[in-house]
1. What residues from segment 79-123 fall in the zone where the backbone N is under 17 Å from a label point 7 Å along the Cα-to-C-beta line of SER144?
2. Sort SER153, SER94, SER143, SER120 so that the residue with the fewest other Cβ atoms within 10 Å of its own Cβ comes first and the one with the most comes last.
3. Under unit Cβ charges (Lys, Arg +1; Asp, Glu -1), what dipole magnitude, rounded to 20 debye, does segment 44-157 have relative to its Cα centre?
4. Tally Lys/Arg at +1 and Asp/Glu at -1 over every other residue whose Cβ is under 10 Å from the Cβ of LYS111; what's the total?
5. Quick check: net charge around ARG56, other residues with Cβ under 11 Å of its Cβ, Lys/Arg +1 and Asp/Glu -1?
6. Answer with one residue from ILE145, VAL64, SER120: the one whose Cα lies farthest towards the positive end of the charge dipole of segment 44-157, charges on Cβ with Lys, Arg +1 and Asp, Glu -1.
7. In which sequence would LEU77, LEU162 go, from the one with the fewest C-beta neighbours within 10 Å to the one with the most?
8. So what's the gap between the Cα centers of segment 105-123 and segment 47-90, to the nearest angstrom?
Amino acid sequence: MPSRQERPGDQWGDGKLMDATFPFRSGDHLMNAAPAAQGAETTGERTGGCLCGRIRFTARGPAVFPHTRACRHCQQLGGTPVMWWVGFETVTWSGEGDEPTWYETFEGEAKRGFCPTCGSRLAAIDSDIPEIGINATALDDTSSIDLVPIHASSHDNAVHWLPPMLQTPHSAVG
C-alpha cells in the first residue's frame, strides 16, 4: 500500500493528503471561509442538474443560508452522513425531464425533488421557508465562497468519525 504522500488524489499539489482535522487546523486558509461567506453575495445565475442530465435548473439570486444537515431524514434521503443545502429565491427547471418528481416527506409541510431516472436528490420545498432549497452538490460549480456552509444542524446525529463544522461567530452550530 502506498504511503499517504504517494497516494493519488492530492488536491492541493503539495504531495500530502488531507487529514481528519482539515480544514479545522489553526492557520489553515479555510479557517475564515464561513465568516467571509456571509458578506459575499453572488446575485447572478447558477446552473446545475442531475447525474443523468435529464433535469437541469437555473437558480437565481443570492445564496441563502448554506448549511449542512445530519438529521436522520437527510441521511436517509441522500444516502450520506450529511447533506449540503443552500436556498435560492427562484429556480427554473429545464431539460428533457423538466421539473423533478416531488416526494412529500412531511405532509403539507415539506417535499423533496429528485430525478425519476437517475435518482439524484436535487431540491427541497418547505412551507415555512420562502426560498427553494437546492442540494448544493447538484450545482455545476460549488467553488463560490458564498456556498460555504455557515451552519450545521443535527450535529448530535452526525457520524462520530466526521469532524464537526468549525463554529464561528457567524455560525452557531446547533
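1. Label zone hits: 84-93, 123.
2. So the residues, fewest neighbours to most, are SER143, SER94, SER153, SER120.
3. Roughly 320 debye for segment 44-157.
4. Cβ neighbours under 10 Å give a net charge of -3.
5. Net charge in that neighbourhood comes out at -3.
6. Going by the Cα projections, it comes out as SER120.
7. Ascending Cβ contact count within 10 Å gives the list LEU162, LEU77.
8. 10 Å
Bear in mind that the values in this text are calculations on the coordinates, not laboratory data. Every value quoted in this text rests on a predicted model; they were computed, and no experiment measured them. Here the Cβ is made from the backbone with ideal geometry for all residues, glycine too, and neighbour counts use every protein chain on show.
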